[in-house]
Structure formats: structure tokens, C-alpha cells
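The values are calculated or read from the model by the stated rules, or taken from the named source; none is laboratory data. Note that the structure is a prediction, hence the values are computed from the model and not measured. All Cβ positions, glycine included, derive from the backbone under ideal geometry; neighbour counts span all protein chains shown. When the accessible area is computed, the model is the full protein with side chains, heavy atoms only, and any ligands, DNA or RNA have been set aside. Shrake-Rupley method; radii C 1.70, N 1.55, O 1.52, S 1.80 Å.
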Amino acid sequence: MEDIGREYLADLVSRIIERLPKSTTKLCNLQTLILVGCLKLVELPSYWSNLVNLRHLRLYVLNESSVSIPPRIGTLKGLQTLRYFNVGKEIGRGINELKDLIHLRGCLRISELENVVNVEEAKEAQLKNKQKIDELKLRWKCDDDMELRQEGIEEEVLNALQPHTNLKKLAIEGYRGVRFPTYPIGFDHVLGAVEQLLHLRGGQCKFILAHIPQVKMVDAMAVNEAI
């Protein structure tokens with residue numbers, strides 16, 4: 001593995017691979033890792049601290065929630081492309097791992113937000129400082145445990161995950177809160193900058209969408225009490 005490209009390990013395509021070799025993490029000059037068609041991939045190597053030059057991690061898998069991002073991904077401070085991030089409960093998998101990834105750009109999907117139980121960690125993610133992110137998707141899992149979630153925590157978490165004002169697309173899925181957050185700059189202002197604004201699914205949101213006149217396009221599928 002040490003001899004595979006010093007800049008790119010591109011298009012590692014396999015339909016049978018479940019885990020990358022641990023030797024992948026020894027490619028200290030690796031800048032881009034692309035995994036395509038790995039339908040059975042379930043795990044990435046845990047120790048990525050050697051990949052100090054990694055700029056782009058592009059995973060194209062069938063089910064994003066089935067593949068966990070390696071712990072302590074926040075140590076890769078030069079990372080620019082991270083298509084998705086699953087929040088975990090273990091040390092090194094919290095949402096605050098995003099704090100120092102200030103160069104992230106393009107699309108970012110943050111899933112399993114139901115695992116965020118400390119609002120301060122959500123604030124530490126500092127999404128509003130990641131000015132080059134164009135599309136942001138925030139996802140809470142929709143399952144039988146939804147009723148067990150701590151009341152009010154999702155509203156606090158969403159409030160803490162304030163995006164920057166030049167965002168082009170914001171998607172929210174599985175959110176169970178009953179109101180939009182009130183960001184210091186005004187959530188209306190954030191939403192007014194979004195071209196394809198809001199995609200709500202699977203929650204029991206009671207948003208009064210008519211109160212946001214800047215909305216250009218709203219898809220409120222499966223929202224029980226929105227008007």
C-alpha cells in the first residue's frame with residue numbers, strides 16, 4: 001500500500017471490500033482518498049493522525065449511516081472535502097470534531113444528531129465559521145426511539161448549529177422540534193440567503209412556514225402540522 005501514489009489514492013473501486021487495510025493510514029503524503037462502489041464497506045481504519053496531508057475524503061457508499069467516519073477526524077485540519085459526518089457517542093466521534101475543520105467546502109451532511117446530548121459540543125462545531133460550505137444537511141434518525149429523546153434538546157442543537165449566511169441549500173430531516181431557532185443575526189436572514197431552502201422530512205415539526213416570506217422553495221413532505 002505504501003507504493004500506491006504519493007498524492008492520490010483515487011477510485012478505489014470494489015464491491016466486496018468491507019474494511020480498508022490498516023496500512024492505508026501510513027500514506028502520509030496522501031491528499032485525496034476516493035472510495036466508489038464499496039457496497040459492503042462497514043469500517044474505515046481508526047488511526048488517521050498520520051494522514052496530515054489529506055485534503056479530500058470522498059466516500060460514495062450505498063448507506064452513509066452504515067460507515068462511520070474515523071474517530072478524531074478533527075486532527076486532519078487541512079481537510080477540505082468531507083461528504084458526511086456521523087455523530088457518535090464515543091470519544092473522538094462527537095460533533096465537536098468539526099471545530100478545527102475550517103477549510104471544509106462544498107456539501108456536508110451531518111447525521112445521527114440524536115447522539116448530541118451536550119449542546120456545548122454542537123456550539124463547538126462552529127458551522128457558521130465554515131464559509132465555503134455550500135450545502136448543509138442536518139439529519140436526526142427516525143426510528144422507534146424518537147420518543148425517548150430528551151425534550152427540547154433538538155431545538156437547542158439546531159440553534160447551536162448556526163450556518164453562515166451565504167449557504168445555498170439547507171436540508172433538515174427527522175427534526176422533532178416545534179420551532180425555528182433564533183440566531184443572533186436572525187434566522188430569517190439565514191434562510192433568506194438560501195436558494196433551495198428547506199427540506200423537512202420525518203419529523204413532527206409545527207413550523208409556520210408562512211412566517212418566512214423569503215422562502216423560495218419549500219418541500220414539506222411528511223410534516224404533520226405545517227401550513
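Here are some notes:
- Among (1) modelled with pLDDT of 85 or more; (2) out of contact with any His (no Cβ under 9 Å at 6 or more places or on another chain); (3) not in a loop (DSSP other than H, G, I, E, B) - the single one Val117 does not satisfy: (3)
- The condition of being outside any helix (DSSP H, G or I) and open to solvent by less than 10 Å² (accessible area, probe 1.4 Å) holds for only one of Leu39, Leu35, that being Leu35.
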